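Q: One structure follows; several queries about it will come next.
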Amino acid sequence: MSGIEYLGAGELARRYRDRSLSPVEVTRALLDRIGGLDPVLGAFVHVAAVRALDDARHSEAAIAAGRPRGPLEGVPVALKDLLDASDMPTAAGSRVIGRLPARDAAVVARLRAAGAVLLGKVGLHELAFGVTGVNPHFPPCRNPWDRERVPGGSSSGSAVALAAGLAPLAIGTDTGGSIRIPSSACGVVGLKPTFGAVGRSGLVPLAWSLDHVGPMARSVADAALLFDAIAGHDRDDPWSAAHAHEPAGRTLGAGVRGLRLGVLDASAAGAAAGVDDEVGAAVEAALGVLIGLGARTVPVAVPPLEPIYTATFALIASEAGGYHRRRLADRPSDFGEDVRRNLAIGLCLPAADVVAARRAQGVATGALLRSFDDVDAVVLPTLPRTALRRDDPVSREPREAWNRLVVPFNLAGLPALSLPAGFDRAGLPIGLQVAGRPFDEATVLRVAAAYEGATDWHTRRPPLQA
C-alpha cells in the first residue's frame, strides 16, 4: 500500500493538494486493506464500498476544480454504528434496532459538508452499554496489539480501525468512557468533548443526559481537525450548546510553557489507588516530559470516585432502561446477557435513587470545576490497567472498575482526551488522559499535542497480518 494505510488526515489533505495522491486511490487502498484484515479484526459491520468510491470521485473532481467543500475533502472516515447515515443501516450493535434512516445524523451531515468519504459503519459494544467491546451478536472485534485482548468499548470498532490502518479518522461516542477506553487500549487518540459541544440528533441514545459524540484519530492534530469539523450547535438536540464554536486547532502548537497541570493528590480519597505500576510509571514519565517542556504540576483534590461511579451507572442504567423498556419486555432473548442485566437494573432502580444520583452529579460537577481554579488542565491515567484478556471478568464495583478514572468527566460533562503514553511489558498501549474546563478543548488538545510532539508512542504500529 506504499504507506497509505497510516497516513493521517492532515497529510492526506496536503497530498491531495499537491496531486501526489488522489481520494480515489486512497479509498481503494483502504477498502482493499479492510477486505484483507477486517475478517480477522472485526472492526466493520457495514462497508459502504460503492458509495465511498462515488464520494471519492466527487472529492477528486472538487479538488481538481479548486473547489474543495471543506477541510476533510476526500478524507475517509469510519462511523460508529450508533449514528444514522441515510445510505447505511443502523443497528447500534444490537438485534433489537435495525433501521434504514431517512436522514443523516447531525454529525454525519457535518462530515459530508466537510467533504469526508464515509467508509462504512464500525462495531461497538451492544447498544454502547459496556466497556469491553465484546458483542455476542457480531463476530469478535479484536485488539490489533493482541487479538486475545479486548479492544475496549463501547467504541471498539472505531479504535481498531484506526490502530490497524483501516481508516485515518473515526467517530466515537462516550457516555461512561466509551471513546477514551478503546483509545487507550488500542493506542490511538480520542477526545470526549464538552457535553453539548457536538450535536447528537440522529444518535441512538444510551443516556440522553450523558451521551457525547467525539473524534478519534491516530494523532492529536487529526483529532483537532475532526473535532472542528463536527462541533457546533444542533437545533434538533435540546442539550446542544447554543454558542458558536471557536476552532480548537488554532492553538495546537502553542506549547505548554507556563501552563499549570493538575495531578491527583494522593490524599484525594484514594483517587489514584489501584493503578498498575507500569501505568503509573508511564504517567509519571509523561508528566516529566511536560515539565521539561515548561509546564508545572499542581496537586489537585478530586471528589471521591465511588459515589461518582455509582451515580454515573445509576443514571446510565435508568435512562437506557427507560429507552429500551418496550424492547426488553417484548424481546428479552434478543439482548446479550450483560446488557439485559444492566437494563433490568435500570428499570428496577427506585426514583429516590435516581434523584440521589442526579444530586451527586451536581455535587461532583461543582467539586471538579473547583479543581480547575488553580490549574489549566488535569493529567492522569486513562485506564488503571492495559487491555483486559477476553476472558477476564469486568467488575462494576467502583474500587475495581476498569473505567473508574474516566467517568468523572462524563458526569461533569468536561472535555477529556486520551493519547498514547507508552507500552507495558506485554506490548500493550498505555493511555494518558488530559481533562479541561468546559468548552476549553483548545487547552486539552494543546497539552496533548505538546506531549505527543516530544514522544514517539503515537507512531508505533501493531504487528498485523491477515
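The values are calculated or read from the model by the stated rules, or taken from the named source; none is laboratory data. Being a predicted model, the structure only gives us computed values, none of them experimental. Note that each Cβ is placed from the backbone with ideal geometry, even for glycine, and that neighbours are counted across all protein chains shown.
Q: From Gly152, Gly177, grab the single residue that is closer than 19 Å to Arg404 by Cβ, touching a residue at least 60 places away in the same chain (Cβ under 8 Å), in contact with a Cys (Cβ under 7 Å, 6 or more places away or on another chain) and not acidic (Asp, Glu).
A: Answer to the check: Gly152.
Q: Under the condition of being of a type in the set (A, V, I, L, M, F, W, C) and outside any loop (DSSP other than H, G, I, E, B), which residue from region 129-162 is surrounded by the fewest Cβ atoms within 10 Å (Cβ to Cβ)?
A: First pass over region 129-162, keeping only residues of a type in the set (A, V, I, L, M, F, W, C): 129, 131, 134, 138, 141, 145, 150, 159-162.
So of that shortlist, the ones also outside any loop (DSSP other than H, G, I, E, B) come out as 159-162.
Working: Ala159: 36, Val160: 34, Ala161: 34, Leu162: 30.
Ranking the candidates gives Leu162 first.
Q: Go through (1) assigned to a loop (DSSP other than H, G, I, E, B); (2) surrounded by fewer than 24 Cβ atoms within 10 Å (Cβ to Cβ) for Arg200 and report which single condition fails.
A: (2)
Q: Another one. Considering only residues that are among the polar types (S, T, N, Q) and either modelled with pLDDT of 95 or more or part of a helix (DSSP H, G or I) (or both), which ones fall in region 358-402?
A: Result: Gln361, Thr365, Thr382, Thr386.
Q: Of the residues Arg446, Arg461, only one is surrounded by fewer than 24 Cβ atoms within 10 Å (Cβ to Cβ), in contact (Cβ under 8 Å) with a residue 60 or more places away in the chain and under 20 Å from Asp222 (Cβ atoms); which?
A: Just one listed residue meets the conditions, Arg461.
Q: With (1) out of contact with any Pro (no Cβ under 7 Å at 6 or more places or on another chain); (2) touching a residue at least 12 places away in the same chain (Cβ under 8 Å); (3) surrounded by fewer than 21 Cβ atoms within 10 Å (Cβ to Cβ) as the list, and Ser395 as the residue in question, which single condition is left unmet?
A: Unmet for Ser395, out of (1) out of contact with any Pro (no Cβ under 7 Å at 6 or more places or on another chain); (2) touching a residue at least 12 places away in the same chain (Cβ under 8 Å); (3) surrounded by fewer than 21 Cβ atoms within 10 Å (Cβ to Cβ): (2).
Q: Let me ask another. Output yes when any residue across region 29-48 is touching a Lys or Arg at 6+ places or on another chain (Cβ under 9 Å), farther than 22 Å from Gly123 by Cα and surrounded by 17 or more Cβ atoms within 10 Å (Cβ to Cβ), and no when none is.
A: no
Q: Is it the case that Asp81 is within 26 Å of the chain's Cα centre (by Cα), of a type outside the set (A, V, I, L, M) and surrounded by 22 or more Cβ atoms within 10 Å (Cβ to Cβ)?
A: Yes: the conditions hold for Asp81.
Q: Filter region 435-466 for residues that are part of a loop (DSSP other than H, G, I, E, B) and either within 30 Å of Asp38 (Cα to Cα) or in contact with a Ser or Thr (Cβ under 6 Å, 6 or more places away or on another chain) (or both) and give the result.
A: Gly436, Pro438, Phe439, Thr455, Asp456, Arg460, Arg461, Pro462, Pro463, Leu464, Gln465, Ala466 - these are the residues of region 435-466 that are part of a loop (DSSP other than H, G, I, E, B) and either within 30 Å of Asp38 (Cα to Cα) or in contact with a Ser or Thr (Cβ under 6 Å, 6 or more places away or on another chain) (or both).
Quick grid of which residues meet (1) of a type in the set (A, V, I, L, M); (2) touching an Asp or Glu at 6+ places or on another chain (Cβ under 9 Å):
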{"residue": "Thr173", "(1), (2)": "no, yes"}
{"residue": "Ser183", "(1), (2)": "no, no"}
{"residue": "Gly190", "(1), (2)": "no, yes"}
{"residue": "Thr194", "(1), (2)": "no, yes"}
{"residue": "Asp211", "(1), (2)": "no, yes"}
{"residue": "Ala224", "(1), (2)": "yes, yes"}
{"residue": "Phe227", "(1), (2)": "no, yes"}
{"residue": "Ile230", "(1), (2)": "yes, no"}
{"residue": "Arg235", "(1), (2)": "no, no"}
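Q: Moving on to the next point. Picking from Leu210, Leu191, which residue would you name as being surrounded by fewer than 24 Cβ atoms within 10 Å (Cβ to Cβ), over 25 Å from Val47 (Cβ atoms), modelled with pLDDT of 95 or more and assigned by TED's automatic domain parsing to the domain that holds Ala91?
A: On the way: Leu191 fails: surrounded by fewer than 24 Cβ atoms within 10 Å (Cβ to Cβ).
Among Leu210, Leu191, only Leu210 is surrounded by fewer than 24 Cβ atoms within 10 Å (Cβ to Cβ), over 25 Å from Val47 (Cβ atoms), modelled with pLDDT of 95 or more and assigned by TED's automatic domain parsing to the domain that holds Ala91.
Q: Just the residues that are closer than 23 Å to Arg99 by Cα and of a type in the set (A, V, I, L, M), please, taken from region 40-71.
A: Ala43, Val45, Val47, Ala48, Ala49, Val50, Ala52
Q: If Pro415 passes every condition in (1) buried (at least 24 other Cβ atoms within 10 Å of the Cβ); (2) more than 17 Å from Asp211 (Cβ to Cβ) but one, which one does it miss?
A: Among (1) buried (at least 24 other Cβ atoms within 10 Å of the Cβ); (2) more than 17 Å from Asp211 (Cβ to Cβ), Pro415 violates only (2).
Q: Give the residues of region 294-308 that are free of Cβ contacts under 8 Å to residues at least 40 places away in the same chain and either surrounded by 18 or more Cβ atoms within 10 Å (Cβ to Cβ) or of a type in the set (Gly, Ala, Ser) (or both), sorted by residue number.
A: Within region 294-308, just Gly294 meets the criteria.
Q: Take region 10-34 and flag every residue that is of a type in the set (A, V, I, L, M) and within 23 Å of Cys141 (Cβ to Cβ).
A: Ala29, Leu30, Leu31, Ile34
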